[in-house]
Structure formats: structure tokens, C-alpha cells
């Protein structure tokens, strides 16, 4: 599941639409949003 998370993040980084990215990887938008929350929390901790 970890690699899927990275693929989703890469797609979003490349300017992908949240809904389109979620559909492409067959994950729920809610899950993608949760991952985005984790990423931003990690970035803030690192800063």
C-alpha cells in the first residue's frame, strides 16, 4: 500500500486533479485527502 501512496502523491505533485487521481488509482477521495493530511503534517514537522 505504501507504493500506491507514493504514486498518488506523485500524481498530485504533477498537478493532477484530486478526483481524477483517486479514480485512476482506484482509491477513495477520502483516503487521498487523509494521505494529503499526513504529508502536510510531516512537512510541517520537518520544517
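Quick note: the coordinates plus some simple rules give every number you see, no bench work behind them. All of these numbers come straight from a predicted model, not from anything done at the bench.
Extension gain, residue 47 to residue 14, is 9.7 nm, computed as 0.36 nm per intervening residue step minus the present C-alpha separation. Kirkwood radius, the stretch 2-46, all distinct C-alpha pairs, inverse of mean reciprocal distance: 10.5 Å. Rounded to the nearest 10 degrees, the angle from helix 2-13 to the longest Cα principal axis of the chain is 90 degrees. Computed from Cα atoms, the angle from the helix 29-46 axis to the main principal axis of the chain rounds to 20 degrees.
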